[in-house]
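Okay, so here's the structure we're looking at.
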Amino acid sequence: MNITQVASATHEEVYRVEAADCGLIGFIAIHSTTLGPAAGGLRMRPYDSEEAALTDALRLSEGMTYKNAAAGLRLGGGKAVIMGDPATLKTPALLHAFGRAVDACQGRYWTAEDMGMTTTDMAELARETRYVAGLADGTFASGDPSPITARGIFNAIRRVALHQFGDANLTGRTVSVQGLGNVGWNLCALLTDAGAKLIVTDINPDRIAAAVDTFSAKPVGLDNIYAVEADIFAPCAIGGILNENTIPLLNVKAVAGGANNQLAKLSDSDLLAKRGILYAPDFVANGGGIINVATEVLEIEGRVDWVAKKLVALDDTMEAILSEAAKQGVSPAAIAQDVVAKTIKARAA
């Protein structure tokens, strides 16, 4: 296996990982360890190129720094990606090899489940390194973070509903959900229980059919999700989907979802604001999962109560961001960035 360092002006450490015998090519990006060891999930998907995979790792790891700081965690930001279709390329040998790469970081980076990964996969990585969380078994095992991630997003949706419609009650509200993976599916369940109506899309037609059957959701095509009429849009798939091409299509009053790096660039938040669309900063809205994972990394006793308190604090942070943004007449994204910067500076002092 070859582990080579990649030069970066923005990150503390970046590594390219390759193991030809099992088809592994991936990247580990450590953005910041100012607040503690870098923590962030391992993602596997069929990237178009190594450049695309590296770019994703860099963006996601920086987002994890913001997310962990916003959630009040003693963790820095990191992320890892593996190139390839998890349905065909993922093998125990590949996971073991990547586990050894994680171990080579000697605790500066902790990995966990993300897109294309499961708790079973985390157990395979754990055969080669102790720096893995999201395990199903163990003294501080936190398991699948998706339900907690979805709970945090659900709270954010209720929060933007309160600001835009004057009522957090979602009964009768329509939410368009992009992506029906573990997080999106759990979010749909919470929204349905709250009385919301759903419009859904996903790259997997079987997941769409299941959502129609389970949640009485209305299905739409992948590209049609942007223009559907709804109250709130919940992106729960890949990032960069809020941009100069898609934002003019939106027919909603708010955006609050689980995808990381939803904005193609920070200035796109201004395009949302100009259209009167309230944006819940993604690294605050989707912080529930890393809160759950943090109990394992930091070996927190009383995990359930600790997570519950952190979720309340995260919701309070979202409220403070949205209220301050309204007061200043600016995008919540700018306020959220400022909150995180001040948090990191204060804790680093």
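Near the amide H of Leu24, under 5 Å away, which other amide H atoms are found, from residues 5 or more places off or on another chain, if H is placed in the peptide plane?
It is Ala19, by chain and number.
What are the ³J(HN,Hα) values, in whole Hz, obtained from phi via the Karplus relation 6.51 cos²θ - 1.76 cosθ + 1.60 with θ = phi - 60°, for each residue of the range 329-338 in sequence order, with x given for Gly and Pro?
Running phi through 6.51 cos²θ - 1.76 cosθ + 1.60 with θ = phi - 60° gives x, 10, 6, x, 4, 5, 5, 4, 4, 5 Hz.
5 Å is the cut-off here: which amide hydrogens, built 1.01 Å from N in the peptide plane, fall below it relative to Trp110, excluding neighbours closer than 5 in sequence?
For Trp110, the qualifying residues are Ala38, Ala39, Gly40.
Calculate the length of the line joining the C-alpha centroid of the range 98-122 to that of the range 132-184, in whole Å.
Cα centroid of the range 98-122 versus Cα centroid of the range 132-184: 23 Å apart.
I'd like the orientation of helix 303-328 relative to the chain: the angle between its Cα long axis and the longest Cα principal axis, in ° from 0 to 90, rounded to 10.
Result, in degrees: 50.
Please state the charge dipole magnitude for the range 256-349, taken about the Cα centre, from unit charges on C-beta atoms (+1 on K and R, -1 on D and E), reported in debye and rounded to the nearest 20. All intermediate terms of the calculation are to be shown ahead of the outcome.
On the way: 10 positive and 12 negative charges, 66 e Å.
Here the size comes out at about 320 debye.
Does the range 1-84 come out rounded, prolate or oblate, given a ≥ b ≥ c as the square roots of the eigenvalues of its C-alpha gyration tensor, rounded meaning a/c under 1.5 and, failing that, prolate meaning a/b above b/c? Numbers along the way, then the final one.
On the way: a/c = 2.14, a/b = 1.88, b/c = 1.14.
Prolate, since a/c reaches 1.5 and a/b exceeds b/c.
Loop only by DSSP, 16 or fewer other Cβ within 10 Å of the Cβ. Give me the trypsin sites (Lys or Arg not before Pro) in the range 1-81 that pass, ordered by residue number.
Hits after loop and neighbour filter: Arg74.
With θ taken as phi - 60° and the coefficients 6.51, -1.76 and 1.60, list the Karplus ³J(HN,Hα) couplings across the range 40-45 in order, rounded to whole Hz; mark glycine and proline as x.
My calculation for the range 40-45 gives x, x, 9, 10, 10, 7 Hz in order.
State whether the range 145-253 is rounded, prolate or oblate according to the following rule on the C-alpha gyration tensor (a ≥ b ≥ c being the square roots of its eigenvalues): a/c under 1.5 gives rounded; otherwise a/b larger than b/c gives prolate, and the remaining case gives oblate. Please list the in-between numbers first.
Details: a/c = 1.38, a/b = 1.06, b/c = 1.31.
The shape class here is rounded.
Mind telling me which of Lys310, Lys327, Lys274 comes out most flexible in a GNM of the chain, alpha-carbon contacts under 10 Å?
Among Lys310, Lys327, Lys274, the largest GNM mean-square fluctuation belongs to Lys327.
Can you find, among Ile199, Ala20, Ala334, the residue sitting farthest towards the positive end of the charge dipole of the chain, where Lys and Arg contribute +1 and Asp and Glu -1 at Cβ?
Ranked along the dipole, the leading option is Ala334.
Nearest 500 deg cm²/dmol is fine: what mean residue ellipticity at 222 nm does the chain get from its DSSP H runs of n ≥ 4 alone, each adding -39,500 (n - 2.57), divided by its residue count?
Numbers: 11 runs with 148 residues, N = 349.
It comes out at -13500 deg cm²/dmol, rounded to the nearest 500.
Return one number: the angle in degrees, 0 to 90 and rounded to the nearest 10, between the long axis of the Cα atoms of helix 288-297 and the longest principal axis of the Cα atoms of the chain.
30
Which peptide among 158-168, 229-239, 127-137 comes first, and what is the full order, when sorted by highest mean count of other Cβ atoms within 10 Å? List each step's numbers first, then the result.
Numbers: 158-168: 17.4, 229-239: 23.0, 127-137: 19.1.
Answer by packing, highest mean first, reads 229-239, 127-137, 158-168.
Is the C-alpha gyration tensor of the range 201-323 telling us rounded, prolate or oblate? Criteria: a/c under 1.5 is rounded; beyond that, a/b larger than b/c is prolate, otherwise oblate. Numbers along the way, then the final one.
Numbers: a/c = 2.21, a/b = 1.36, b/c = 1.63.
In terms of gyration-tensor shape, oblate.
Mind listing the long-range amide H neighbours of Arg173? Cut-off is under 5 Å, sequence gap 5 or more, other chains count too, H placed in the peptide plane at 1.01 Å from N.
Lys197
Relative to the first principal axis of the alpha-carbon coordinates of the chain, what is the inclination of helix 205-215, with its axis defined by its Cα atoms, in degrees from 0 to 90 and to the nearest 10?
Roughly 50 degrees between the two axes.
Give me the dipole magnitude in Debye, nearest 20, for the range 89-209 about the Cα centre, with unit charges on the beta carbon: positive for Lys and Arg, negative for Asp and Glu.
Details: 11 positive and 12 negative charges, 67 e Å.
Result for the range 89-209 is approximately 320 debye, rounded to the nearest 20.
A short reminder: the numbers here are calculations on the coordinates, not readings from a lab. The structure displayed is predicted, hence computed values, not measured ones. Please note: Cβ atoms are built from the backbone with ideal geometry, for glycine as well, and neighbour counts cover all protein chains shown.
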